[in-house]
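Have a look at the structure below, then the notes.
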There are 2 protein chains.
Amino acid sequence: MIKENLEKYQIIEDCPVRNVLDRIGDKWSILVISILGELGTLRFNEINSIIGNISQKMLTVTLKTLEADGLVSRKIYPQVPPRVEYTLTELGNSLLPSIATLTQWALKNMSTIKASRERYFKSLSVK
Amino acid sequence: MIKENLEKYQIIEDCPVRNVLDRIGDKWSILVISILGELGTLRFNEINSIIGNISQKMLTVTLKTLEADGLVSRKIYPQVPPRVEYTLTELGNSLLPSIATLTQWALKNMSTIKASRERYFKSLSVK
DNA sequence: CCGCATCCTATTGGATACTG
DNA sequence: CAGTATCCAATAGGATGCGG
(Lines give C-alpha, C1' and ligand atoms only; values in the text may rest on other atoms or scores of the structure.)
Protein backbone atom coordinates (compact mmCIF):
# COMPACT_ATOMS: atom_id res chain seq x y z
CA MET A 1 0.00 0.00 0.00
CA ILE A 2 3.00 2.19 0.32
CA LYS A 3 4.87 0.83 -2.64
CA GLU A 4 2.75 2.65 -5.18
CA ASN A 5 3.51 5.93 -3.50
CA LEU A 6 7.25 5.53 -3.64
CA GLU A 7 7.76 6.80 -7.13
CA LYS A 8 5.68 9.87 -6.47
CA TYR A 9 7.87 11.28 -3.74
CA GLN A 10 11.28 9.90 -4.47
CA ILE A 11 13.55 12.39 -6.05
CA ILE A 12 14.66 10.31 -8.96
CA GLU A 13 16.46 12.95 -10.97
CA ASP A 14 15.31 16.37 -9.96
CA CYS A 15 12.01 16.89 -8.27
CA PRO A 16 10.04 19.55 -10.14
CA VAL A 17 8.44 20.95 -7.03
CA ARG A 18 11.64 21.25 -5.05
CA ASN A 19 13.38 22.66 -8.09
CA VAL A 20 11.03 25.63 -7.97
CA LEU A 21 10.43 25.86 -4.23
CA ASP A 22 14.14 25.83 -3.46
CA ARG A 23 14.35 29.18 -5.15
CA ILE A 24 11.61 31.01 -3.30
CA GLY A 25 12.51 29.15 -0.11
CA ASP A 26 15.62 31.25 0.34
CA LYS A 27 15.93 34.09 2.78
CA TRP A 28 14.60 37.02 0.75
CA SER A 29 12.59 35.96 -2.32
CA ILE A 30 9.16 35.74 -0.73
CA LEU A 31 9.65 39.08 0.95
CA VAL A 32 10.77 40.80 -2.27
CA ILE A 33 7.87 39.29 -4.22
CA SER A 34 5.41 40.42 -1.54
CA ILE A 35 6.76 43.94 -1.58
CA LEU A 36 6.69 44.22 -5.37
CA GLY A 37 3.24 42.67 -5.39
CA GLU A 38 1.93 45.27 -3.02
CA LEU A 39 3.78 48.40 -4.10
CA GLY A 40 4.11 47.74 -7.84
CA THR A 41 7.19 49.08 -9.59
CA LEU A 42 10.19 49.95 -7.44
CA ARG A 43 13.79 51.00 -7.86
CA PHE A 44 16.70 49.03 -6.46
CA ASN A 45 17.33 51.35 -3.56
CA GLU A 46 13.66 51.64 -2.77
CA ILE A 47 13.43 47.90 -2.20
CA ASN A 48 16.63 48.13 -0.24
CA SER A 49 15.22 50.83 2.04
CA ILE A 50 11.92 49.05 2.55
CA ILE A 51 13.53 45.84 3.67
CA GLY A 52 16.11 47.71 5.66
CA ASN A 53 18.43 44.95 6.77
CA ILE A 54 19.25 43.16 3.54
CA SER A 55 22.77 43.37 2.21
CA GLN A 56 23.28 44.88 -1.21
CA LYS A 57 24.75 41.64 -2.42
CA MET A 58 21.75 39.56 -1.40
CA LEU A 59 19.28 41.97 -2.93
CA THR A 60 21.24 41.78 -6.16
CA VAL A 61 21.34 38.00 -6.30
CA THR A 62 17.72 37.70 -5.20
CA LEU A 63 16.54 40.06 -7.94
CA LYS A 64 18.79 38.40 -10.52
CA THR A 65 17.44 34.98 -9.64
CA LEU A 66 13.84 36.17 -9.76
CA GLU A 67 14.57 37.78 -13.10
CA ALA A 68 16.17 34.61 -14.43
CA ASP A 69 13.13 32.61 -13.36
CA GLY A 70 10.86 35.09 -15.11
CA LEU A 71 9.12 36.27 -11.97
CA VAL A 72 10.47 39.82 -12.04
CA SER A 73 11.18 42.11 -14.98
CA ARG A 74 14.01 44.61 -14.96
CA LYS A 75 13.93 47.91 -16.80
CA ILE A 76 17.03 50.04 -17.19
CA TYR A 77 16.84 53.74 -17.95
CA PRO A 78 20.04 54.74 -19.78
CA GLN A 79 20.90 57.81 -17.79
CA VAL A 80 23.47 58.97 -15.29
CA PRO A 81 23.11 58.17 -12.49
CA PRO A 82 21.40 54.96 -13.63
CA ARG A 83 17.79 54.18 -12.82
CA VAL A 84 16.63 50.56 -12.70
CA GLU A 85 13.06 49.56 -12.00
CA TYR A 86 11.72 46.20 -10.96
CA THR A 87 8.19 44.90 -11.46
CA LEU A 88 6.50 41.55 -11.05
CA THR A 89 5.82 39.77 -14.31
CA GLU A 90 2.52 38.06 -14.97
CA LEU A 91 4.11 34.84 -13.76
CA GLY A 92 5.29 36.62 -10.64
CA ASN A 93 1.83 37.97 -10.02
CA SER A 94 0.33 34.51 -10.38
CA LEU A 95 2.41 33.44 -7.41
CA LEU A 96 1.04 36.15 -5.12
CA PRO A 97 -2.12 34.31 -3.97
CA SER A 98 -0.15 31.23 -2.92
CA ILE A 99 2.32 33.33 -0.99
CA ALA A 100 -0.46 35.32 0.61
CA THR A 101 -2.17 32.13 1.76
CA LEU A 102 1.05 30.92 3.28
CA THR A 103 1.94 34.14 5.06
CA GLN A 104 -1.59 34.46 6.39
CA TRP A 105 -1.31 30.97 7.82
CA ALA A 106 2.01 31.93 9.36
CA LEU A 107 0.59 35.10 10.88
CA LYS A 108 -2.45 33.33 12.21
CA ASN A 109 -0.55 30.46 13.80
CA MET A 110 2.76 31.94 14.81
CA SER A 111 1.77 32.47 18.42
CA THR A 112 0.58 28.88 18.69
CA ILE A 113 3.80 27.65 17.15
CA LYS A 114 5.97 29.76 19.40
CA ALA A 115 4.11 28.50 22.44
CA SER A 116 4.51 24.95 21.22
CA ARG A 117 8.24 25.42 20.81
CA GLU A 118 8.63 26.76 24.31
CA ARG A 119 6.61 23.90 25.77
CA TYR A 120 8.68 21.42 23.82
CA PHE A 121 12.06 22.73 24.90
CA LYS A 122 10.87 23.10 28.46
CA SER A 123 9.85 19.45 28.49
CA LEU A 124 13.29 18.55 27.16
CA SER A 125 15.15 20.28 29.98
CA VAL A 126 13.05 18.43 32.53
CA LYS A 127 14.20 15.04 31.32
CA MET B 1 4.19 57.16 -0.17
CA ILE B 2 6.68 54.52 0.65
CA LYS B 3 7.47 55.65 4.15
CA GLU B 4 4.29 54.26 5.63
CA ASN B 5 5.15 50.84 4.28
CA LEU B 6 8.56 50.72 5.85
CA GLU B 7 7.52 49.47 9.22
CA LYS B 8 5.45 46.72 7.73
CA TYR B 9 8.31 44.95 6.03
CA GLN B 10 11.31 45.88 8.06
CA ILE B 11 12.47 43.17 10.30
CA ILE B 12 12.70 45.14 13.48
CA GLU B 13 13.20 42.31 15.95
CA ASP B 14 12.06 39.06 14.46
CA CYS B 15 9.59 38.94 11.61
CA PRO B 16 6.72 36.62 12.52
CA VAL B 17 6.26 35.41 8.97
CA ARG B 18 9.90 34.60 8.40
CA ASN B 19 10.11 33.04 11.81
CA VAL B 20 7.60 30.43 10.71
CA LEU B 21 8.47 30.19 7.04
CA ASP B 22 12.14 29.66 7.77
CA ARG B 23 11.18 26.36 9.30
CA ILE B 24 9.14 24.91 6.48
CA GLY B 25 11.47 26.51 3.94
CA ASP B 26 14.19 24.01 4.68
CA LYS B 27 15.04 21.09 2.49
CA TRP B 28 12.61 18.45 3.75
CA SER B 29 9.74 19.86 5.84
CA ILE B 30 7.26 20.49 3.04
CA LEU B 31 7.92 17.06 1.60
CA VAL B 32 7.43 15.32 4.94
CA ILE B 33 4.23 17.25 5.65
CA SER B 34 2.87 16.40 2.21
CA ILE B 35 3.62 12.71 2.67
CA LEU B 36 2.04 12.57 6.12
CA GLY B 37 -0.90 14.57 4.80
CA GLU B 38 -1.54 12.10 2.06
CA LEU B 39 -0.69 8.81 3.70
CA GLY B 40 -1.78 9.50 7.28
CA THR B 41 0.18 7.80 10.05
CA LEU B 42 3.62 6.46 9.20
CA ARG B 43 6.61 4.94 10.98
CA PHE B 44 10.05 6.46 10.88
CA ASN B 45 11.44 3.99 8.38
CA GLU B 46 8.37 4.20 6.20
CA ILE B 47 8.91 7.91 5.70
CA ASN B 48 12.56 7.19 5.15
CA SER B 49 11.77 4.67 2.43
CA ILE B 50 9.22 6.86 0.71
CA ILE B 51 11.58 9.80 0.41
CA GLY B 52 14.43 7.55 -0.46
CA ASN B 53 17.36 9.93 -0.52
CA ILE B 54 17.10 11.66 2.84
CA SER B 55 19.76 11.02 5.45
CA GLN B 56 18.66 9.54 8.73
CA LYS B 57 19.98 12.58 10.53
CA MET B 58 17.95 15.02 8.48
CA LEU B 59 14.77 13.00 8.83
CA THR B 60 15.31 13.00 12.57
CA VAL B 61 15.87 16.75 12.85
CA THR B 62 13.03 17.49 10.44
CA LEU B 63 10.57 15.40 12.43
CA LYS B 64 11.84 16.79 15.73
CA THR B 65 11.43 20.35 14.50
CA LEU B 66 7.94 19.66 13.17
CA GLU B 67 7.10 18.06 16.50
CA ALA B 68 8.47 21.02 18.44
CA ASP B 69 6.40 23.39 16.32
CA GLY B 70 3.31 21.29 16.98
CA LEU B 71 2.78 20.27 13.37
CA VAL B 72 3.48 16.59 13.86
CA SER B 73 2.68 14.29 16.75
CA ARG B 74 4.90 11.42 17.77
CA LYS B 75 3.67 8.20 19.33
CA ILE B 76 6.05 5.67 20.83
CA TYR B 77 5.06 2.04 21.34
CA PRO B 78 7.10 0.69 24.23
CA GLN B 79 8.27 -2.52 22.65
CA VAL B 80 11.47 -4.04 21.35
CA PRO B 81 12.35 -3.24 18.67
CA PRO B 82 10.73 0.15 19.15
CA ARG B 83 7.89 1.36 16.99
CA VAL B 84 7.37 5.09 16.52
CA GLU B 85 4.53 6.57 14.51
CA TYR B 86 4.18 10.06 13.15
CA THR B 87 0.95 11.86 12.28
CA LEU B 88 0.02 15.41 11.36
CA THR B 89 -1.62 17.33 14.16
CA GLU B 90 -4.64 19.51 13.52
CA LEU B 91 -2.29 22.45 13.11
CA GLY B 92 -0.23 20.44 10.65
CA ASN B 93 -3.34 19.56 8.71
CA SER B 94 -4.35 23.20 8.54
CA LEU B 95 -1.15 23.89 6.65
CA LEU B 96 -1.89 21.33 3.93
CA PRO B 97 -4.06 23.55 1.68
CA SER B 98 -1.43 26.30 1.59
CA ILE B 99 1.26 23.84 0.70
CA ALA B 100 -0.93 22.20 -1.91
CA THR B 101 -1.58 25.57 -3.55
CA LEU B 102 2.11 26.28 -3.66
CA THR B 103 3.15 22.90 -5.04
CA GLN B 104 0.41 23.05 -7.65
CA TRP B 105 1.71 26.42 -8.76
CA ALA B 106 5.20 24.96 -8.92
CA LEU B 107 4.06 21.99 -10.97
CA LYS B 108 2.08 24.13 -13.34
CA ASN B 109 4.82 26.66 -13.98
CA MET B 110 8.03 24.71 -13.65
CA SER B 111 8.45 24.21 -17.37
CA THR B 112 7.97 27.93 -17.98
CA ILE B 113 10.47 28.74 -15.28
CA LYS B 114 13.03 26.27 -16.57
CA ALA B 115 12.70 27.71 -20.06
CA SER B 116 13.08 31.20 -18.67
CA ARG B 117 16.26 30.23 -16.86
CA GLU B 118 17.79 28.74 -19.97
CA ARG B 119 16.92 31.80 -22.01
CA TYR B 120 18.39 34.03 -19.33
CA PHE B 121 21.70 32.23 -19.06
CA LYS B 122 21.95 31.95 -22.82
CA SER B 123 21.55 35.72 -23.11
CA LEU B 124 24.27 36.16 -20.52
CA SER B 125 26.83 34.14 -22.45
CA VAL B 126 26.17 36.20 -25.56
CA LYS B 127 27.20 39.41 -23.87
C1' DC C 1 14.01 -0.22 14.73
C1' DC C 2 14.86 4.27 15.92
C1' DG C 3 17.53 7.13 16.73
C1' DC C 4 21.89 10.31 18.81
C1' DA C 5 26.82 12.01 18.49
C1' DT C 6 30.56 13.26 15.87
C1' DC C 7 32.97 14.83 12.07
C1' DC C 8 33.25 16.93 7.81
C1' DT C 9 31.95 19.54 3.54
C1' DA C 10 29.24 22.69 0.81
C1' DT C 11 26.33 26.33 0.57
C1' DT C 12 24.36 30.60 2.25
C1' DG C 13 24.71 35.02 3.30
C1' DG C 14 26.96 39.25 5.52
C1' DA C 15 30.81 43.01 5.45
C1' DT C 16 33.65 45.66 2.96
C1' DA C 17 35.76 47.92 -0.83
C1' DC C 18 35.62 49.26 -5.49
C1' DT C 19 33.40 50.71 -10.49
C1' DG C 20 30.55 52.76 -14.59
C1' DC D 1 22.52 54.92 -8.27
C1' DA D 2 23.14 50.37 -9.05
C1' DG D 3 25.67 47.33 -8.95
C1' DT D 4 30.46 43.85 -8.93
C1' DA D 5 34.27 41.41 -6.49
C1' DT D 6 36.37 39.42 -2.67
C1' DC D 7 36.77 37.62 1.67
C1' DC D 8 34.88 35.55 5.69
C1' DA D 9 31.55 33.47 9.24
C1' DA D 10 27.66 30.85 10.06
C1' DT D 11 24.66 27.32 8.97
C1' DA D 12 22.76 23.28 6.58
C1' DG D 13 23.22 18.96 5.60
C1' DG D 14 25.63 14.32 4.42
C1' DA D 15 28.48 10.10 6.15
C1' DT D 16 29.64 7.23 9.52
C1' DG D 17 29.67 4.86 13.84
C1' DC D 18 27.47 3.75 18.24
C1' DG D 19 23.56 2.75 21.60
C1' DG D 20 18.83 1.40 23.91
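The values are calculated or read from the model by the stated rules, or taken from the named source; none is laboratory data. Keep in mind the model is a prediction, meaning the values are calculated, not measured. Counting neighbours? That spans all protein chains shown, and the Cβs are built from the backbone with ideal geometry, glycine included. Each accessible area value is taken on the protein alone, full model and side chains, heavy atoms only, with ligands, DNA and RNA left out. Shrake-Rupley method; radii C 1.70, N 1.55, O 1.52, S 1.80 Å.
Here the accessible area is traced with a 1.4 Å probe on the protein chains. For the protein assembly as shown, carbon and sulfur cover 55 percent of it. The length gained by stretching the chain between residue A:100 and residue A:64 to full extension, at 0.36 nm per residue less their Cα-Cα distance, is 10.7 nm. Each 5 Å bin from zero up to the one holding the largest Cα-Cα distance in the stretch A:7-61 carries the following percent of pairs: 4, 16, 24, 18, 12, 9, 7, 7, 3, 0. Peptide B:15-27 has a mean shielding of 6, counted as Cβ atoms of other protein chains within 10 Å of each residue's Cβ. Can you bin the stretch A:42-87 into rounded, prolate or oblate? Criterion: square roots of the alpha carbon gyration tensor eigenvalues sorted a ≥ b ≥ c, rounded for a/c under 1.5, prolate for a/b above b/c, oblate for the rest. Note, shape of the stretch A:42-87 comes out oblate.
Projected onto the charge dipole of the stretch A:2-125 (+1 at Lys/Arg Cβ, -1 at Asp/Glu Cβ, origin at the Cα centre), which of A:34, A:55, A:82 gives the Cα projection farthest towards the positive end? The one lying farthest along the dipole's positive direction is A:55.
What's the long-distance tail for chain A, i.e. % of Cα pairs beyond 27 Å? Tail of the P(r) past 27 Å holds 40 percent of the pairs.
Considering the protein assembly as shown, its Cα convex hull presents a mean projected area of 16.7 nm².
Burial of accessible area (probe 1.4 Å, heavy atoms of protein chains only) in the stretch A:32-81, relative to its chain alone, reaches at least 40 Å² for A:38, A:39, A:50, A:68, A:69. In the stretch A:86-127, the residues that give up 50 Å² or more of accessible area when the other protein chains are added, compared with the chain on its own (1.4 Å probe), are A:91, A:98, A:102, A:105, A:113, A:117, A:120.
Of the residues A:94, A:121, A:21, the one whose Cα sits farthest towards the positive end of the charge dipole of the stretch A:2-125 is A:121 (charges of +1 on Lys and Arg Cβ, -1 on Asp and Glu Cβ, taken about the Cα centre). Charge dipole of the stretch B:2-125 (Cα centre as origin; +1 on each Lys and Arg Cβ, -1 on each Asp and Glu Cβ, all else neutral): 520 debye, rounded to the nearest 20. Entry comment: accessible area of chain A is 57 Å² per residue, from protein heavy atoms only and a probe of 1.4 Å.
Report the B-A buried area as the accessible area lost on both sides summed, probe 1.4 Å, in Å² to the nearest 100. Intermediate results must be reported in sequence, preceding the final value.
Working: alone 9760 and 9770 Å², together 14360 Å².
Interface area, both chains combined: 5200 Å², rounded to the nearest 100.
So what's the back-of-envelope 222 nm ellipticity for chain A, counting only DSSP H runs of four-plus at -39500 (n - 2.57) apiece and dividing by all residues, rounded to 500? Helix-only estimate at 222 nm: -21500 deg cm²/dmol. Solvent exposure of residue B:28, expressed as accessible area, is near 10 Å², computed with a probe of 1.4 Å over the protein chains only. Each Lys and Arg adds +1 at its Cβ and each Asp and Glu adds -1 at its Cβ; summed about the Cα centre, the protein assembly as shown shows a dipole of about 440 debye. Using C-alpha pairs under 8 Å with a sequence gap of at least 6, the mean separation divided by the residue count of chain A gives a relative contact order of 22 percent. For chain A, find the longest principal axis of its Cα atoms and tell me its angle to the long axis of helix A:29-39, 0 to 90°, nearest 10. Compared with the principal axis, the helix lies near 50 degrees.
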